[in-house]
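The next block holds one structure in the form of structure tokens; read it before the comments.
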Amino acid sequence: MSITNDIRMLIDIQDSNVIFEHDFFQMGTFKGNSCKFIKGKLSFTPTHCDACGIVNQNYTIYKNGTQTSRITLP
């Protein structure tokens with residue numbers, strides 16, 4: 001079992017499209033409180049175009065861009 005699967009099980013992430021890179025863990029502060037940051041990336045291959053509905057065949061459609069999100073776990 002890889003470390004990615006261990007992290008996924010530890011924080012109960014069930015989406016298999018979440019990928020953890022080599023430097024995924026950091027200690028820091030948020031709103032004056034000490035906390036731990038686990039960085040991951042959500043990546044998937046789209047099945048179709050959201051705008052026009054064309055089916056993705058031979059990887060003709062790809063997603064472009066990123067968005068940063070913060071998820072707080074209790």
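The values are calculated or read from the model by the stated rules, or taken from the named source; none is laboratory data. All of these numbers come straight from a predicted model, not from anything done at the bench. Counting neighbours? That spans all protein chains shown, and the Cβs are built from the backbone with ideal geometry, glycine included. Side chains are part of the model used for accessible areas, which takes the heavy atoms of the whole protein and leaves out ligands, DNA and RNA. Shrake-Rupley method; radii C 1.70, N 1.55, O 1.52, S 1.80 Å.
The table below lists the values:
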item	result
Virtual spin-label span in nm between Thr29 and Ile54, 7 Å along Cα→Cβ	5.1 nm
Theoretical gain in end-to-end length, Ile19 to Lys63 [0.36 nm per residue, Cα-Cα removed]	14.2 nm
Expected 222 nm ellipticity per residue - DSSP helices of 4 or more, -39500 (n - 2.57), all of the chain, to 500	-3000 deg cm²/dmol
Taking the chain and dividing mean pair separation by its residue count, relative contact order in percent (alpha carbons under 8 Å, at least six apart)	19 percent
Total charge dipole magnitude, the chain, about the Cα centre, Cβ charges on Lys, Arg, Asp, Glu only, Debye to nearest 20	240 debye
Neighbourhood charge, 12 Å Cβ-Cβ cut-off, centred on Ser69 and excluding it, Lys, Arg +1 and Asp, Glu -1	+3
Accessible area expressed per residue, the chain, with surrounding protein chains retained (probe 1.4 Å, Å²)	93 Å²
Rounded to whole Hz, the Karplus (6.51, -1.76, 1.60) HN-Hα couplings of the range 41-57, x for glycine and proline	10, 8, 9, 8, 9, x, 8, 7, 7, 5, 7, 10, x, 5, 6, 7, 10
Carbon and sulfur %, accessible surface of the range 22-74 computed with the full protein complex present, 1.4 Å	53 percent
Scattering curve values for the chain, log₁₀ I(q)/I(0), Debye with Cα scatterers, q = 0.13, 0.14, 0.27 Å⁻¹	-0.56, -0.62, -1.31
Sites Arg70 and Thr45, calculated FRET efficiency, Cβ-Cβ separation with R0 22 Å, nearest 0.05	0.30
